[in-house]
Amino acid sequence: MATLNNVVASLQKEYARLEAELGQVRKALNALGQVSGRKQHATRVRRPLSPEARRRIAEAQRQRWAKVRKQAGKQAKS
């Protein structure tokens, strides 16, 4: 049993050492993230739409709303 206790104690010591090392790595990553001026989690870059694409999207949405209104009108009359 003494050897098992020694193994457990050794593993606990190694675990504590690894946790300390991970803490140092986290600090280094945070410092590098602040130096570069970026947040830790970068946001998605949005590509600009051309005026033609905006027009097509708006027209498609108008058609969808017209369809919804038309169906709502039919249900109200019934």
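Once the Cα atoms of helix 51-77 and of the chain are each reduced to a long axis, what angle between those two axes, in degrees from 0 to 90 to the nearest 10, is obtained?
70 degrees
Please give the FRET efficiency for Arg17 paired with Thr43, using the beta carbon to beta carbon distance and R0 = 35 Å, rounded to the nearest 0.05. Don't skip to the answer; put the middle values down first.
Values: r = 36 Å, r/R0 = 1.03.
Plugging the Cβ-Cβ distance into 1/(1 + (r/R0)^6) gives 0.45.
Gap in Å between the Cα centre of the stretch 60-77 and the Cα centre of the stretch 1-22?
The stretch 1-22 and the stretch 60-77 have Cα centres separated by 69 Å.
Which angle from 0 to 90°, rounded to the nearest 10, does the C-alpha axis of helix 2-35 make with the longest principal axis of the chain?
50 degrees
Under 1.5 on a/c is rounded, so check that first for the chain, then, if it is not, pick prolate when a/b is larger than b/c and oblate when it is not; a ≥ b ≥ c are the square roots of the alpha carbon gyration tensor eigenvalues. Before the final figure, lay out each step's value.
Numbers: a/c = 7.94, a/b = 2.50, b/c = 3.17.
Since a/c reaches 1.5 but b/c is at least a/b, the shape of the chain is classed as oblate.
Readers should treat all values here as calculations from the given coordinates under stated rules, not as data from a laboratory. All of these numbers come straight from a predicted model, not from anything done at the bench. Neighbour counts run over all protein chains shown; Cβ positions are idealised from the backbone, glycine included.
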